[in-house]
Structures are given as C-alpha cells and as structure tokens.
Amino acid sequence: MGQVDCKRLCLSLFDYKTEKYVVAKNKKVGLLYRLLQLSILLYLVLWVFLVKKSYQDTDTSLQSAVVTKVKGVAYTNTSELGERLWDVADYVIPPQGENVFFVVTNLIVTANQRQGICAEHEDIPDGICFQDNDCDAGVPVIAGHGVKTGRCLRVRNSTRGTCEIFAWCPVETNSNPTEPLLREAEDFTIFIKNFIRFPKFNFSKANVLDNKHFLKSCRFGPKSHYCPIFHLGSVLHWAGSSFQDMALKGGVIGIHIEWDCDLDKAASECHPHYYFNRLDNKETKSVSSGYNFRFARYYRDAAGVEFRNLMKAYGIRFDVIVNGKAGKFNIIPTIINVGSGVALMGAGAFFCDLVLIYIIKTGEFYRDKKYEEVRGREDRSLESKGEAMKQGLEEDEPLEGDLPLEQPRNSSWKQNGSLDPQILRPARSGLHEDATVNEKQRQILQTVET
C-alpha cells in the first residue's frame, strides 16, 4: 500500500485542477459586478497609466547647477551717504551669483564710526545703570554694542544712566525705515541659468537657448519658457506680493524650477516649469518680521585712522529651488501594475460573492448552490453498508397479497385431532383471481377437501 500511495501522489503532481463556476441569474449583483469592473478598468487606464504613467521607470536623483545674475542701477541722495549710484556690486550679496542671493532695497546707515569710548544705547536693558558698580569693567553688554568700562554715565541730575562702553562709536541707532531707499529695484532684471542631468538615463538639458540675440531682448512669460530673464517686480507679483510691501522691511521669495520629462518623447518636449511663492510668513507682524542683516564698509582718514560706515540692509532674498523627475518605459513596472489591476478584479468578485451569499434575501439559496458538501471515502463505505442492511430488512417483510396463517384455537380441533376445514378454508371472496397463493396453503386445502 505504501508504494501504491507514493505512486498515486507522484501522479497527482501532473493533475490540472480548474474552478467550477456557478452562474447566478441575479441582475442586481450582475450590475454591481460590471460597475466594479468598469471602475477598476478606468482607474488603471486613466489614473495609473495616463496620469501617473506607472508603466515608466523613473529617476528622481536630479543633478542641478544654478547661476544667477542681476542687472540694474539705482540713484540715491541721503544725508548719511550723499549722492550715490548703486550698481550690481553694491546691492547684490553675495556677488558670486549662487542659487541664493539677496537684493538690497532699503538701508539704515550709521556713518563714520570709529573705535572709542561712548555711552551704550538706552534701549539695551543690560546697559542701564544707577551707579558705577552696575557696570563691571571688561564685561560685554548682553545684546549690546561693546564692552563696559566700569563707569555709569548719567545726564545731568538723572538717577538713571547707561554704562560707558568701548565700541564703534557712535553706536547704531534703532530707527525703523519709513520708505524704501532703492525704489528703482522694482525694474531690475534677474537672469537664472539652470543646468540639469538625470544620471539613470544619461539625459542633460538647460533652461537657456543658445542664442545671444534672443537673450538680449526676451523677457520671461507664459509662452517663453526658455527665456530665463525675469523682471523683479513681476516675480513678486507672481508670488502674491507687491514690491512696496517687501521693499520696506524685506522678505524671502522662492523661485521653483520643475523639470518633468517624459523621455519616451523627444528631448525637445522636456520643458522647465516655474513657480513663485513667498517663503517668509508675511501675515506675522512682529519686531523681527521681514529680512535684514548688517555689513560695513571700512575706510582710513588722512591720519591713517580706520573708520567705517555701518549699514543695516533690508531687502529681498531669492531662493532658487530645482526639482524634477524623468520617466521612460520599462516592462517591469508595467507588469507590476497590470498584476495589481488583475488582483483588484478578484477583489471585486469577492465583494460580489459576499453580497450574493450574505446580504440579499435569497442568499441561502445561492449559498447552497455555490458550496457542495462532499464526504470522505470512509463515510461513503459506512453509508453503503447502512443502505444494504435496510434493503435486507425490507425483503423479509410479507408481500401485500400474502395471507398470514392464524394460530389454531383449541376449540377448532375435532375430537379425532383433525383441523376444522372451515378455519383453514379462506374466504374466496377475499382472494383476488391473480393473487399468488402460498404453496403450503394450497396443499393443506387439497388434503382437507379430499
């Protein structure tokens, strides 16, 4: 038996098993199944393949380089600086033209500062004093401008004063700007050159056309993606702000360059897309709102003593942010997404089975048709034996035409010990003409009659 079972097991490996389908004539469930199939098919075709292009292999490891330049001049005439012409070297920081650059739009100038001894500004809390002991010599003023000398300077008979410090004197004033200094900055132009490369597909491109005459006269617009020269005021407008709002106290603007390249098409179809937004929180009104920093210009007088002009610069910071991805047809993601769609089809059939069997009113009827109870071999042999025994019992029962023999009573016997023929003689009216008479009964009747 072991060899037979082993052989049967080996042969079963080559069996092919197929499913048995039950066709349910239910219009509601059938309509639900077709709607699920149509929805899954539309999802695969429209969203997965056409919108997401999931049949492609993608590369998001974008390599990018950005070069920026600003062009324009501005004229100012102030009491601190006098008449002055501002060009790129004056208002663009840093001058190297990186992907982050700053354009000065406003200034607060503290002119002719020299290193010496002067009073700390009265708005500095750590610089307030009432006597000399409050000003420890050699200790820097917290959030101040210099180092304490140990003296408390008071005006006339005032009890409160400020500490004397060694610093660049006079100290910087804390005045706030009232109007932008470089109003002409709105008409400056920004040149952004961007080179990108997708290493997986060895694809490179730039956002600049190699045409000098075109670059000299063009300006960026909806129909000129390859003109990377932007009007500064327009950039602020596209970002949802105005030049007057940002020029006074400054702000941060993001210039986003998006490369979304379908490499199944020609390289000329891969275009840069630009988006602009304001990155700093313009809604927050606080002391530190806007964007500013300090820098100084150093000089020497005729006696060789160094002095400087301290400038607190307000302006607009531009962050050039480059993102992108490239896609190209690949059979592996195509097969994966088609397989996912087939699995979704199976999920739709499973859902319809649940509705058909458990939700609708006639579910019990369909459940009996779908699931078939099959007994094992041992259960079938026991059932066969039971049926055979039942048939044997039925064969032993008397036929419908047979007459049962009555037990003779004592009064039915004659004195000579013979049977009374009236008892043994059956009523003829009760016998059918075609009935089969028991052989033994016929022999007894013949003996009695003779």
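The values are calculated or read from the model by the stated rules, or taken from the named source; none is laboratory data. Source: prediction; values computed, not measured. Methodologically, a virtual Cβ is constructed for each residue, glycine included, from the backbone with ideal geometry; neighbour enumeration extends over all protein chains shown. What goes into the accessible areas is simple: the full protein's heavy atoms, side chains included, and nothing from ligands, DNA or RNA. Shrake-Rupley method; radii C 1.70, N 1.55, O 1.52, S 1.80 Å.
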Q) Of everything in the stretch 200-219 that's outside any strand (DSSP E or B) and surrounded by 15 or more Cβ atoms within 10 Å (Cβ to Cβ), which residue is modelled with the lowest pLDDT? A) LEU215
Q. Could you say which residue among ARG197, ARG151 is touching an Asp or Glu at 6+ places or on another chain (Cβ under 6 Å) and part of a strand (DSSP E or B)?
A. ARG151
Q. Tell me, which strands (runs of 3 or more DSSP E) wholly within the stretch 1-86 include 3 or more residues that are of a type in the set (A, V, I, L, M) and more than 30 Å from PRO180 (Cβ to Cβ)?
A. none
Q: Would you mind listing the strands (runs of 3 or more DSSP E) fully within the stretch 265-373 where at least 2 residues are open to solvent by 60 Å² or more (accessible area, probe 1.4 Å) and within 30 Å of GLN115 (Cβ to Cβ)?
A: 292-300
Q.
Step by step: first the residues of the stretch 52-84, then only those that are loosely packed, with under 14 Cβ neighbours inside 10 Å and among the hydroxyl-bearing types (Ser, Thr, Tyr), then the one that is farthest from PHE203 (Cα to Cα). Which residue is that?
A. SER79
Q: Restricting attention to the stretch 218-259, report how many residues are closer than 21 Å to ASN99 by Cβ, in contact with a helix residue (DSSP H, G or I) (Cβ under 8 Å, 6 or more places away or on another chain) and aliphatic (A, V, I, L, M).
A: 6
Q.
Report every pair of residues separated by at least 6 positions or lying on different chains whose Cβ atoms are under 7 Å apart, first residue within the stretch 346-375 and modelled with pLDDT of 85 or more, second polar (S, T, N, Q) and not in a helix (DSSP H, G or I).
A. LEU356/ASN26
Q: Could you figure out which of (1) closer than 22 Å to HIS256 by Cα; (2) part of a strand (DSSP E or B); (3) not hydrophobic (A, V, I, L, M, F, W, C) isn't true of GLY97?
A: (2)
Q: Please go through the stretch 165-179 and pick out each residue that is of a type outside the set (D, E, K, R) and surrounded by 11 or more Cβ atoms within 10 Å (Cβ to Cβ).
A: ILE165, PHE166, ALA167, TRP168, CYS169, PRO170, VAL171, THR173, ASN174, PRO177
Q. How many of the residues making up the stretch 8-38 are open to solvent by less than 100 Å² (accessible area, probe 1.4 Å) and in contact (Cβ under 8 Å) with a residue 60 or more places away in the chain?
A. 8
**Q.** the stretch 117-135, residues that are over 13 Å from GLY161 (Cβ atoms) and under 59 Å from the mean Cα position of the chain (by Cα)
**A.** ASP123, PRO125, ASP126
